[in-house]
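For reference, the structure is listed below as structure tokens.
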Amino acid sequence: MKTNHPEELLSRYVDDELTEGERREVSEHLASCESCRLSVEELRALRVRIREAADFSLPENFVYSVLRSARAEQENTVVWLSTERLARRVVIVLSVLVLTLVGLGTFLGPEPPIRVDRYLITEPTDTLVSQVLGTQGEISKDVVVYAVLTK
Amino acid sequence: MLAAIPFQRNFPSWLPFICKGPVEQSPDDFQLVEAFRKGDEKAFEEIVRRYQRQVANIIYLTLGNREEVDDLSQEVFIRVYRSLGRFQFDASLYSWIYRIVVNLCIDEVRRKKIRKAVSLEFFTERRLEGEKRSKEHATASDDMLKEEKKRIIVDALQRLSPVHRTVIVLREYEDMSYEEIAKTLHISAQAVKSRIFRAREELRKSLKDYFKERL
């Protein structure tokens, strides 16, 4: 009966991958089972056939073509890396330049107009300044100076 | 343990392979890798020569297509060249190289969907055709039949799933132990056992008629 044949053990038997106990068990079984002996023979034949089929030989100059390709690839990598390094530097320099310009622009640019309510919030509504400025939303420094002087 | 082996700098590491001089021992893999790291390209040539046949045949048995073997073998060794500087010897060199081969083959199988549904009838038909031709052309018969037998085996391997094919090739062709296969493929020894068993079962089923006549 098929279930009585230790198929999995036979596979490991031909590979010499059994424990001592398993080996004994298989050897005893093989002594009395012709079908399993044939299976073992078939498994061994399969190995021989696979090794025979592996008859591929690479050309004599294979090693040199490998080296040539490997070197070419390495050179391309070096070129690419140096280009990449250069590109990175350019990006960094440009970033620093832009940040510097933005910074300078912020500090040296024209002063923003002064909001009336920020400077004159405490000014009584009936004063001359308030009357002069009236409903103006924004005033410059000059107007403030003028308002103070005329007060 | 390997690190304790002194590296002989009196002679280039590849010297024993091109002349029988005073250096008798051929450099081991560790020495070759160390020499390559120090800029000795001859050491790399030696690594290629040492493993090229195995690499080519693993690719051939796994993909079953002779036309691709040369290019893919080259790709394997270019990857080796690229990464050898970072190789740490946490596994043997051959195990590391075979891992590159196996990954490349599996990628290739998946990419091209190489697995073909070749039927048992197809094998039998081809074998009978081969035998018929062999009778007609007596002089060429032996070679043709031999080639036909090999082709039948390679075709049968192609019917296996890539994971089964890989383990059976490493076991039957490379003669690796279960433990070595497990380390190379980063799988458990139990998985190796079961995959090898299943691969053999499938192969025996595919090649039933073939073995019936040839055993």
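Condition first: at the interface with another protein chain (Cβ under 7 Å from one of its Cβ atoms), surrounded by fewer than 17 Cβ atoms within 10 Å (Cβ to Cβ) and not in a loop (DSSP other than H, G, I, E, B). Now tell me which residues in the range A:49-64 satisfy that. Selection gives A:R51, A:E52. Put simply, of A:L38, A:L30, A:L46 the only residue that is over 46 Å from the mean Cα position of the chain (by Cα), assigned to a helix (DSSP H, G or I), within 13 Å of chain B (Cβ to nearest Cβ) and at negative phi is A:L38.
Is the range B:146-162 home to any residue that is part of a helix (DSSP H, G or I), touching a residue at least 60 places away in the same chain (Cβ under 8 Å) and in contact with a Leu (Cβ under 6 Å, 6 or more places away or on another chain)? Scanning the range B:146-162, I find at least one residue that is part of a helix (DSSP H, G or I), touching a residue at least 60 places away in the same chain (Cβ under 8 Å) and in contact with a Leu (Cβ under 6 Å, 6 or more places away or on another chain), so the answer is yes.
Per the conditions (1) within 18 Å of B:I196 (Cα to Cα); (2) buried (at least 18 other Cβ atoms within 10 Å of the Cβ); (3) not β-branched (V, I, T), the sole criterion not satisfied by A:E41 is (2). Within the range A:14-27, being within 11 Å of chain B (Cβ to nearest Cβ) and either over 16 Å from B:R171 (Cβ atoms) or in a helix (DSSP H, G or I) (or both) holds for one residue alone: A:V14. Does A:L120 satisfy being surrounded by 12 or more Cβ atoms within 10 Å (Cβ to Cβ) and at pLDDT 75 or above? For A:L120, the condition - surrounded by 12 or more Cβ atoms within 10 Å (Cβ to Cβ) and at pLDDT 75 or above - is not met. Flag not set for B:D90, criterion: of a type outside the set (A, V, I, L, M, F, W, C) and over 19 Å from B:L185 (Cβ atoms).
The values are calculated or read from the model by the stated rules, or taken from the named source; none is laboratory data. None of these values were measured; they are calculated from a predicted model. Cβ sites come from the backbone with ideal geometry, for glycine too, and all protein chains shown count toward neighbours.
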